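Presented below is the structure to which this report refers.
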Amino acid sequence: MSSKTPVLFQIGWNACINCGACVAICPQEAGFISDFDTIAVDRPCDIACMLCEDICPVTTITHTEVHSAKAKK
Amino acid sequence: MTFPEYDVVIIGSGPAGATTARILAGNGFQTLLVDKRQELGAPIQCSGAVSRHALEETGVPISTEYIQEAIYGFGIYNQEGRANFIDYRKLKPDEYGSEAGKKPLGFVVDRRRFDRFLLTQAERAGAETWLKTEGLGYSLLPNGKCEVRLRRFNEEIKVKARVLIGADGLQSQVGRWAGLRTHIKITELASCLQFVVDRVETDGLLEIITGHDWAPGGYAWVFPKGHGYAEIGLGVIPTLTDKNAQWHLDRFLKDSFFKDRFSDSRILEIQGGGVPLASPLRTQYADNLILVGDAARHVNPITGGGIHTALSGGIIAGKFLSQFLLSGEEPSKENLKGYQDAWLEKLGNKMWKLYEEKTAIFKLNDKAERDQKLFETMSSYFHPESEYKKI
């Protein structure tokens with residue numbers, strides 16, 4: 001389930017019901033949130049546990065892998 | 001520049017935050033209650049069921065301003081649709097009913113109106129209340145106070161406080177500022193979705209439908225919502241299913257023993273949330289800081305109900321801090337532990353016991369046995385003789 005490659009999350013904002021479950025389950029430290037009270041979408045997540053994707057009631061969180069060269073830019 | 005100074009700053013104006021504010025402001029403490037939202041209670045993440053006893057016990061006036069429908073009991077269903085009805089109109093007909101002189105057992109409330117009502121109560125007790133104000137962080141000051149950074153609309157404001165209270169919900173950032181591990185295990189957070197619907201009949205009962213086939217790890221519900229509406233929802237534990245809550249709810253509507261009852265339903269609202277079926281947070285305090293409500297996971301781990309526990313937790317926090325702030329002691333972590341001790345004694349120890357009961361059920365590997373046990377537990381939980389009925 002878990003991959004060590006950092007990921008950047010994307011949220012389907014139309015499907016998102018603003019329930020907050022993704023943030024509640026997220027093991028990141030304070031501040032890994034978006035302006036819409038979801039997990040952050042503007043910076044890579046290096047834990048990449050994907051629990052937020054699993055908990056989402058409407059399955060509207062997806063991710064792309066961020067490879068290190070790109071992440072450093 | 002001098003910063004505004006308060007005895008307490010409370011981040012988050014839900015039932016827990018607003019109640020804590022009401023008690024503290026009412027006892028004469030300088031109280032600032034902030035919430036980032038423009039309209040409290042929204043987006044709705046809750047079904048809104050609360051007992052009359054909970055409101056009375058915590059001093060919340062019962063008002064048509066927020067009540068959507070009165071409740072008189074429960075219907076607990078097993079997977080096949082066999083039900084135990086616990087209808088107080090039949091159990092205690094002299095006491096419970098909709099007729100004059102009789103009373104309801106509880107209510108389904110509109111969280112938008114309910115949370116606003118509680119804010120009003122806090123504000124009338126003397127609390128300062130700021131909406132559109134988010135918390136950005138806090139730091140300890142050498143004088144034993146703390147500095148809280150806030151953003152109110154576009155303006156960054158620093159305020160000083162003796163104690164910061166995190167009442168910012170399940171997704172609590174305030175707890176994380178203090179390094180408390182507030183996130184919940186994936187096996188203990190139910191992923192919930194509900195529809196407010198038209199054309200589904202209800203009869204003053206909270207209906208709870210158990211069974212792995214309908215809601216793996218959780219349960220489904222049908223609650224009256226006033227004006228002839230109902231709310232139909234469910235929560236699932238993601239590790240027990242490879243489908244999402246939306247898929248399970250759709251299936252519950254179309255394929256369950258209620259499919260005829262639901263066949264003409266029309267969806268009016270869509271809501272969701274994470275509901276912890278988890279233990280209370282082990283540490284609910286830090287230097288100059290305590291957590292209340294969902295942020296401290298003050299949620300019933302069997303029912304997922306959180307309004308009563310939030311209101312009660314707010315009272316406990318408010319009373320504890322009222323005494324504590326008068327004592328003049330430093331609000332260090334060691335000294336604020338007293339809040340958690342008081343909470344455990346009044347409420348928390350019972351919640352831990354419920355958590356253990358719930359854990360034992362979901363440890364059962366045999367699906368049929370687990371379903372039967374959950375059905376029995378839910379039935380006995382809502383029974384008039386239950387030792388837990390007052391949580």
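Bear in mind these aren't lab numbers, they're just calculated from the coordinates by the rules spelled out. Model, not experiment: these values are computed from the prediction. Backbone-built Cβ (ideal geometry, glycine too); neighbour counts: all protein chains shown.
Of note:
- Electrostatic bookkeeping for residue B:27 treats Lys and Arg as +1 and Asp and Glu as -1; over the other residues with beta carbon under 13 Å from its beta carbon, the sum is +1.
- Computed over the range B:178-232, relative contact order equals 37 percent, with contacts defined as Cα pairs under 8 Å that lie 6+ residues apart.
- Ranking of B:69, B:128, A:65 by count of other Cβ atoms within 10 Å, fewest first: A:65, B:128, B:69
- Placing +1 on each Lys and Arg Cβ and -1 on each Asp and Glu Cβ, with no other charges, gives the range B:20-117 a dipole about its Cα centre of roughly 120 debye.
- Every helix of 4 or more DSSP H residues in chain A counts as -39500 (n - 2.57), and over all residues that averages to -4000 deg cm²/dmol at 222 nm.
- Computed packing ranks the peptides B:179-190, B:161-172, B:51-62 as B:161-172, B:179-190, B:51-62, most packed first, by mean other Cβ atoms within 10 Å.
- Cross-link pairs beyond the 24 Å C-alpha cut-off, checked among B:158/B:333; B:36/B:160; B:145/B:350; B:225/B:254; B:337/B:363; B:185/B:358: B:145/B:350; B:337/B:363
- Order of B:40, A:8, A:51 under a 10 Å beta carbon neighbour criterion, fewest first: A:8, B:40, A:51
- Of all DSSP-defined beta bridges confined to chain B, some 70% are antiparallel rather than parallel.
- Acute angle (nearest 10 degrees) that the helix B:111-124 long axis makes with the longest principal axis of chain B, alpha-carbon atoms: 30 degrees
- Cα shape, the protein assembly as shown, gyration tensor, a/c 1.5 rule: oblate
- Loop sites in the range B:254-327: trypsin sites (Lys or Arg not before Pro), DSSP, at most 15 other Cβ within 10 Å: B:282
- Its DSSP H runs of at least 4 residues, each contributing -39,500 (n - 2.57), put the calculated 222 nm mean residue ellipticity of chain B at -9000 deg cm²/dmol, to the nearest 500.
- Inter-chain neighbour count for B:177-183: the average number of beta-carbon atoms from partner chains within 10 Å of each residue's beta-carbon is 3.
- Using 0.36 nm per residue and subtracting the Cα-Cα separation, the extra length available between residue B:243 and residue B:265 on full extension is 5.6 nm.
- In nm, spacing of pseudo-spin labels at residue B:63 and residue B:255 (7 Å Cα→C-beta vector): 4.5 nm
- Efficiency of FRET between residue B:3 and residue B:56 - r from beta-carbon atoms, R0 45 angstrom, step 0.05: 0.70
- Applying 1/(1 + (r/R0)^6) with r as the Cβ-Cβ distance of residue B:140 and residue B:181 and R0 = 25 angstrom yields a FRET efficiency of 0.80.
- Relative contact order %, the range A:7-72, counting alpha carbon pairs below 8 Å whose residues are six or more apart: 48 percent
- Using C-alpha pairs below 8 Å separated by at least 6 residues, the relative contact order for chain B is 20 percent.
- Using the Cβ-Cβ distance between residue B:383 and residue B:201 with R0 set to 30 Å, the FRET efficiency works out to roughly 0.75.
- Overall Cα dimensions of chain A, principal axis frame, Å, largest first: 34, 25, 23
- In a fully extended conformation the segment linking residue B:227 and residue B:157 would gain 20.9 nm over its present Cα-Cα distance, using 0.36 nm per residue.
- Label-point separation, residue B:363 to residue B:92 (7 Å along Cα→Cβ), nm: 3.5 nm
- Shielding by other protein chains, B:293-304, mean Cβ within 10 Å: 0
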